Amino acid sequence: MSKSRVSSLAVLALTLGVSGQAVAAPMNPSERTPPGNFSPYVRSSFELLADSDNNSLVYFVPKIGGVAILAPQSSDPAPQFAISAYMPTDGIFTGKVLTSMGGTLSPTADLGALGALQTEAQAQGLVIAPAPVKSATTIFSIFGQQNLVGRVDAQCVAKEVIVIIDGQQFINRVPECKVKNEFGDMVLTDTMYQFTSVRAPPNGTANQNISFQATVLPAKASQLRTKMNTGAPWNDIFYSTIQWEVGTQSLTRQARVTVNWQSVFEQASAFAAFHANACIDVEISAFFQRIATCQGGPTPCGVMVEYRQPNGTWSTQAPNNAAFINAVNALEQTLWAELFTQIRAVNGPVSTQARAIFTLRANYEKIITNRNEVMYFTYNEGPKSFGANTTLSLDCLLGGYEAGIVFWDMMQPRCRARVGQQ
């Protein structure tokens with residue numbers, strides 16, 4: 001029996017009995033891989049998780065999303081996005097172009113990838129579902145203005161600058177704007193004038209839509225028009241990230257311990273006699289380590305630990321789990337109660353030394369047991385948090401501004417694929 005096997009027994013002994021999952025939930029991927037075999041394309045598009053109870057259920061968290069689409073299967077899909085420009089007639093932005101834009105973003109906007117996941121799952125008799133989440137943190141970035149969360153309002157003032165034209169000096173009044181950064185400091189910006197967003201809610205699922213509204217300062221107006229004229233991706237100037245926290249379950253492990261008490265007491269008696277029936281704690285630890293590393297089963301060794309394998313069989317091969325190893329002391333405390341009794345001072349001053357003296361306990365009930373005792377134990381580390389991110393960006397958008405509506409670029413193959421069309 002290896003040290004890791006003994007450590008496993010130590011932890012399992014603390015949870016005597018059989019206990020299963022309290023409620024069905026995603027399994028932590030470090031504990032159990034999701035069922036089925038999926039293509040590299042699907043795995044690059046989704047984080048997949050197994051279910052604690054249903055072996056045919058696969059939870060997913062999208063890795064890439066984008067603008068939500070209405071009527072995606074039609075010849076004219078309608079992106080839920082709008083953009084326009086206007087020129088204020090008064091105030092510090094008089095005669096300058098401000099750009100207003102807003103829309104709804106969806107983690108499942110890539111319908112091509114979602115369709116591939118659905119098709120591959122059905123072919124293997126599996127069912128898919130968005131993963132339930134405990135919390136979600138939504139962060140926007142526009143033109144490098146990071147960590148835009150909730151509401152952002154710029155504070156702008158008219159600043160006088162000297163302009164020289166044909167050798168003559170003129171005083172020009174230009175807006176200078178500041179916004180609060182993630183540290184709470186006011187910093188100069190040429191990007192945002194106003195920004196509001198609705199975050200993904202907690203205690204939902206990893207397919208919740210989010211929305212935003214933004215007013216962009218004049219310095220960035222031309223870049224936005226270029227995107228809307230070409231249908232190019234917006235990754236370099238705009239994206240949002242949803243940081244999901246998924247509450248996942250740990251794998252429930254089971255072990256059985258077969259104890260031959262006669263063999264254990266014979267070894268303990270010989271050990272105690274060798275130490276004049278007064279063993280210190282370090283010596284007791286050495287005794288248990290000797291039993292733990294014994295090979296050959298319960299008759300010669302006294303104890304044998306076996307672990308239930310994923311296929312339902314029992315083996316002495318212990319799972320690789322750090323919590324088992326860290327709890328080796330629990331095994332000693334559990335068996336000390338059966339084998340040894342601590343001698344405590346009843347007269348005189350109480351000793352303040354760390355070491356205690358132990359003597360062999362006359363446990364006749366165990367001594368006369370002439371057959372092996374089998375104990376079953378279960379161990380579960382409890383819920384674990386698992387983090388997964390969805391990046392949302394804009395792509396394949398045309399029109400807006402003077403044209404009014406924004407429409408989907410159906411001329412580009414990548415854009416048709418995003419709405420599930422060839």
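The values are calculated or read from the model by the stated rules, or taken from the named source; none is laboratory data. The structure displayed is predicted, hence computed values, not measured ones. Cβ: placed from backbone, ideal geometry, glycine included. Neighbour counts: every protein chain shown. Heads up: the accessible areas ignore ligands, DNA and RNA and are worked out on the full protein's heavy atoms, side chains in. Shrake-Rupley method; radii C 1.70, N 1.55, O 1.52, S 1.80 Å.
Treating r as the C-beta distance of Met186 and Gln309 and R0 as 45 Å, the FRET efficiency rounds to 0.15.
Ile69 exposes around 30 Å² of accessible area when a 1.4 Å probe is run over every protein chain in place.
Once backbone amide H atoms are built at 1.01 Å from N, Ala200 has Thr138 as its partners under 5 Å, excluding neighbours fewer than 5 places away on the same chain. Per-residue SASA remark: Met410, around 40 Å² accessible (1.4 Å probe; ligands, DNA and RNA not included). Rounded to 0.05, the FRET efficiency of the Met87 and Ala24 pair, given R0 = 41 Å and the Cβ-Cβ distance, is 0.10. Residues Arg225, Arg418, Arg151, ordered by accessible area of protein heavy atoms at a 1.4 angstrom probe radius and largest first, appear as Arg151, Arg225, Arg418. Beyond 32 Å in Cα-Cα separation lie the following of the pairs Lys180/Lys227; Lys63/Lys159; Lys96/Lys180: Lys63/Lys159.
Each 5 Å bin from zero holds the following percent of Cα-Cα pairs in the range 88-157: 3, 9, 12, 15, 13, 12, 9, 8, 7, 5, 3, 2, 1. Put Thr230, Thr241, Thr89 in order of accessible area, highest first, and with a 1.4 Å probe you get Thr89, Thr230, Thr241.
The stretch between Ser141 and Lys178, if pulled fully straight at 0.36 nm per residue, gains 11.7 nm over its current Cα-Cα span.
Placing a pseudo-label 7 Å from each Cα along the Cα-to-Cβ vector at Gln124 and Thr316 gives an inter-label distance of 3.6 nm.
Residues Ser52, Ser75, sorted by accessible area with the largest first, give Ser75, Ser52 [1.4 Å probe; ligands and nucleic acids excluded].
The slack between Gln422 and Lys96, meaning 0.36 nm per residue of separation minus the straight C-alpha distance, is 113.1 nm.
Extension gain, Val157-Glu266: 0.36 nm per intervening residue step, less the Cα-Cα distance, totals 30.3 nm.
Each peptide among 119-125, 30-36, 108-114 gets the average number of other Cβ atoms lying within 10 Å of its residues, and from highest to lowest they stand as 108-114, 30-36, 119-125.
If R0 is taken as 35 Å, the Cβ-Cβ distance between Val198 and Thr230 corresponds to a FRET efficiency of 0.75.
Of Leu394, Tyr376, Gly404, which is farthest on the positive side of the dipole of the range 376-422, counting Cα position, with +1 on Lys and Arg Cβ, -1 on Asp and Glu Cβ, and the Cα centre as origin? Going by the charge dipole, the pick is Tyr376.
The figure for Glu266 is an accessible area of roughly 130 square angstrom, using a 1.4 Å probe on the protein chains alone.
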